[in-house]
Protein chains: 2
Amino acid sequence: MKKYVTFLVIFFNLLSLSITAQTIEQWSRFEASFSYEHSGNPFTEVALSGTFIHKDTTLTVKGFYDGNHTYKLRFMPILPGDWYFKTSSNIKALRGKSGSFKCTVATTITDGPVEVADTFHFKYKNGGYYFPFGTTLYAWSHMTDSLRKITLKNLKKAGFNKVRMCVLPKRYGTAGILPEHYPFKLKNTHTDKAGKTVYNWDFSHFNPVFFQQLEERILELDALGIQADLILFHPYDEGIWGFDQMPAAVDKQYLEYTLARIASFKNVWWSLANEWAYLDTKSIQDWDALIKTTKENDPYNHLISIHGPTAVYYDYTMPELTHVSIQDEAPVLNSVGTATLRRVYKKPIVLDEVGYEGNLPSRWGQLSGEALTHRIWNGVIAGGYVTHGEVIDSGDPDNIVWANGGELKGESWKAVKFLKELITDDLGPLHMADISRDIETATNGKGDYLIYFGEQERGEWAFSLPKKNGELDKLKEGIEYEATIIDASNGTQTLVSERFVTASAGRYRMKDVADKKITLPKKPYLAIRLRPIK
Amino acid sequence: MKKYVTFLVIFFNLLSLSITAQTIEQWSRFEASFSYEHSGNPFTEVALSGTFIHKDTTLTVKGFYDGNHTYKLRFMPILPGDWYFKTSSNIKALRGKSGSFKCTVATTITDGPVEVADTFHFKYKNGGYYFPFGTTLYAWSHMTDSLRKITLKNLKKAGFNKVRMCVLPKRYGTAGILPEHYPFKLKNTHTDKAGKTVYNWDFSHFNPVFFQQLEERILELDALGIQADLILFHPYDEGIWGFDQMPAAVDKQYLEYTLARIASFKNVWWSLANEWAYLDTKSIQDWDALIKTTKENDPYNHLISIHGPTAVYYDYTMPELTHVSIQDEAPVLNSVGTATLRRVYKKPIVLDEVGYEGNLPSRWGQLSGEALTHRIWNGVIAGGYVTHGEVIDSGDPDNIVWANGGELKGESWKAVKFLKELITDDLGPLHMADISRDIETATNGKGDYLIYFGEQERGEWAFSLPKKNGELDKLKEGIEYEATIIDASNGTQTLVSERFVTASAGRYRMKDVADKKITLPKKPYLAIRLRPIK
């Protein structure tokens, strides 16, 4: 091994004579371009890969054709230090190309790709926790420049840190805007007997411009600290383009090409599909294969999941799936469902689509802001994560945030911003303190509690905490607490003037030494946050 | 194939000359005994198996040593018709023995082993549904003859059709009665420095009497139509006998011997363990191996599961596990948890241990009869099954039903009997009508509904049903319904004098044409049962 390192050092030294080494930060993107004019199909006939060598590790990544006789290799350095690369190809002109660059240590802990942490949560690879408080904007990236600018402004305002978005164009309900670019080369179109436009694609040729645009969107999100949860397949094609029923070989090629281009972007997650079961030309075996293809083509191990229709669960025990991404409303009607899902899967539980704040005729799009916020709280106190979404039709059915992006018009985004800050800046990851019994009391394991009363309208709360504290040390007597009353639906906090001190009250609970109570304003969606005085 | 059949027919005819063919009913037990005096260890050195041949199938089963120089082969005929068998053995005297018997068709549809049906439910192999309404009697089979008689009388009175029971003796809490027999040969005992009796077992010799006694208990249960959910390992040994930490090879041998004896009993289920995670000398890999050993030694594919401590879930997606057997209270606080578990596992959900009706100092043993009944209802309306249990200490802590059996003193057994009859004789298997949204309304898919209000104290219920009917045809307009108000906790039914007729009331629900309401007596644990008038 030592010999090998020595050899590499010599190599690097030799290279430094001829190449001015680029310097990039860890988790940013290195790109090398190569020109070559291929007489045949550059997408299917030219194979290019690069082996990236660091003194401690080696990764091989696939290159891709980016149009204009240009082939590219992209790479995200996973370690700081000197990196050297060399290309392989079936084409002589692309073979044996080499180069090097220097990678510096990332400067913040809330940077780098996101990965699973502590079984049920997420962290940036640089060490800081990442708490997903995202929203859904299926087709925002295919909208006009001006609408996208509004979307980005709203994402910034709301503080969302994840966006669920489709790679392939979406056609659903009233969202009738046609995208400017498509992922494949359009051979021609014709009009059928019913007057419908029929698209005739050349699936053997990708359209690099489509992907370049997508990459710009991912970078725009990254600039705002937002993870792009990329939905790779979806059923919202409605027989327009046929991207929902491409042959299996095209699906695979599309994944390989997309990942060769995009896996080096640090802020991407892979969602194999939205509502996978509605893509009725694909079987579970097909999905398993596509999940494996995704995993195999991602040298960086980005997060992977797959999302089903209401109450249709994939087998999330599959090792390639890093987390659970479920559409189901009942599990967030209180904390029980999410807590149960944690016990089952022993992976992070993300509930994407639990209903939307909106005014659509469909009941999944009829929640009040308060009702959606309530569901998000139920998931979060149980130690899961729940995605926001807004479907408010204010006169233009072609312009609804969940599909197209644009201006947020609802109330829940403000409440979600409040909850995000409460968790991110203050409490940290939560779980139920007294598993299986107390369905209101969440703990962060460091002495802080968040007790959520949901729809109950209480006039008071007698101070009472379970002795159990999840898997952590039991609560002790004599701990002094400061209490804050939180109104979850409007994100206000009121400090309670009195303090509380724990006293044993039997085998399972702690009361206040003087059995003090907190008076509550008899309304739903209240919580109490308890902070130990140190 | 035809030739083979002809050959067999000749064989049978030849046999019939010398042997008077026994006649037994399908799913009952055929037993053949062979005498042989072995000079070494008859348990470990003598291998015996029998191949049972029917014109349509062949099964090989292991024999066992039953003491007194007697070796036995037991077999449960899975098909009616003529059966022929022949033995194999490493001992010449036991080799090549043969015989035959006639198997007649089972006479009732609620007979035969129980298997999974319709993904989430159970049926007898003869075709009738089996709905588990069981109780827990961990150590009842190790109690005195007189106590066991009382237990059986009470099981009959309560109508329970399943008993969770330990094969190995149990030592837990105050249940200090020592069993008369043990599964292994006792070499000797001695008293240690602390005055404790130390048992020294010969794990290479089973004690046939122990197993004969167990078999008698299983037959007694069968006579009452009760399934024996046999717990093969448990952690309630408390360092007395060491059966909770036997070497892996002994565990395997114990399973093989037990199954050779008992797999031919039609009313057995295998529960690999109770609270498996507390058996701390065994890893998940050990449990996986023991589950596979059980499966391999059961030619009849009896139901298999494994039961954990509170909120600790095994990987129930494992194909060998036929159903889910969970200890968790939160999932039955309403219907959501059980419904969620169905979506995850796509197997029958059995919630064993959701708390007990009782008065113990431990909170798992402090539920009122109403509270336990409520939990059982929550599981059942969601299409799962929940086990009853009673831990009422009425002065003799060594005599608590859940451990020792005896007289039922609580209230919930009566309510469970009522619910069992409602499901078994009337409604059939249930599931939520409007999955993920309506958490109160269960349907049997044939027009009947059971709407359970749980802890809500309602003064009235406006007739309203979801249009969705699970995976089945949507509810239609103009269906006339008869309604009954059920008090779940005391098992009373009151017919409502008015009738109701469905009328569309928007996109998702059906109301009564005249928007009729049912007046309710403002108390918890009420349900409404709707029966279509045909």
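All of the numbers you see were taken from the coordinates with simple rules; none came from a lab. On a predicted model such as this, the values are computed, not experimentally measured, just so you know. We place every Cβ from the backbone using ideal geometry, glycine too, and count neighbours over all the protein chains shown.
The simple Förster model, with R0 at 35 Å and r as the Cβ-Cβ distance, assigns residue A:519 and residue A:409 a FRET efficiency of 0.50.
Here segment A:371-516 is assigned +1 on the Cβ of each Lys and Arg and -1 on the Cβ of each Asp and Glu. Its dipole about the Cα centre then comes out at about 700 debye. Using the Karplus relation 6.51 cos²θ - 1.76 cosθ + 1.60 with θ = phi - 60°, the per-residue 3J(HN,Hα) values for segment B:61-78 come to 10, 7, x, 7, 8, 10, x, 6, 6, 10, 10, 10, 10, 10, 8, 10, x, 8 Hz, with x marking Gly and Pro.
Given their separation in residues at 0.36 nm each and the Cα-Cα distance between them, residue B:317 and residue B:219 gain 32.1 nm when the chain is fully extended.
By the beta-carbon count within 10 Å of each Cβ, the least crowded to most crowded order of B:318, B:432, A:76, fewest first, is B:318, A:76, B:432. Using Cβ point charges alone (K and R +1, D and E -1), the dipole size of chain B about the Cα centre works out to roughly 1380 debye. Mean separation of Cα pairs under 8 Å and 6 or more residues apart, divided by the residue count, gives chain A a relative contact order of 11 percent.
When only Cα pairs below 8 angstrom with a gap of at least 6 residues are kept, segment B:448-514 shows a relative contact order of 31 percent. Entry note, segment B:114-427: relative contact order of 20 percent, from Cα contacts under 8 Å with a spacing of 6+ residues.
Out of segment B:285-380, which trypsin sites (Lys or Arg not before Pro) are coil in DSSP terms and have no more than 16 other C-beta atoms within 10 Å? For trypsin sites (Lys or Arg not before Pro) across segment B:285-380 that sit outside H, G, I, E and B with at most 16 neighbouring Cβ atoms in 10 Å, the list reads B:346. For residue A:205, the residues 5 or more places off, or on other chains, whose built amide H falls under 5 Å of its own are A:185.
Can you put B:498, B:460, A:370 in order of Cβ neighbours within 10 angstrom, beginning with the fewest?
With the sparsest Cβ surroundings first, the list reads B:460, B:498, A:370.
Couplings 3J(HN,Hα) of segment B:41-47, computed from phi: 8, x, 7, 9, 9, 9, 9 Hz, in residue order, whole Hz [Karplus 6.51 cos²θ - 1.76 cosθ + 1.60, θ = phi - 60°; x for Gly and Pro]. Taking a ≥ b ≥ c as the square roots of the eigenvalues of the Cα gyration tensor, chain A is oblate, since a/c reaches 1.5 or more and a/b is not larger than b/c.
Once the Cα atoms are used to define both axes, helix A:248-262 deviates from the longest principal axis of chain A by about 80 degrees.
When the pairs B:417/B:522; B:92/B:292; A:157/A:409 are compared against a 19 Å limit on Cα-Cα distance, B:417/B:522; B:92/B:292 fall above it. Other protein chain C-beta atoms within 10 Å of residue C-beta, averaged over A:323-335: 4.
The residue among B:371, B:313, B:340 whose Cα reaches farthest toward the positive pole of the charge dipole of segment B:304-375, with charges on the beta-carbon of Lys, Arg, Asp and Glu, is B:340. The alpha carbon centroids of segment B:23-48 and segment A:178-210 are separated by 74 Å.
Counting every other Cβ atom within 10 Å of each residue's Cβ, A:398, B:222, B:434 order from fewest to most as A:398, B:222, B:434.
So if I place +1 on the C-beta of Lys and Arg and -1 on the C-beta of Asp and Glu, and nothing else carries charge, what would the dipole magnitude of segment A:340-454 be about its Cα centre? I want it in debye, nearest 20.
Roughly 620 debye for segment A:340-454.
Relative to one another, the C-alpha centroids of segment A:271-315 and segment B:394-408 are positioned 52 Å apart. Between residue B:178 and residue B:70, the simple spin-label model (points 7 angstrom out along Cα→Cβ) gives 2.8 nm.
Look at the dipole of chain A built from charges on Cβ: of A:533, A:395, A:151, the Cα furthest out on the positive end belongs to A:533. Label-point spacing at residue A:507 relative to the other copies reads 5.1 nm, in ascending order, each point sitting 7 Å out from Cα along Cα→Cβ.
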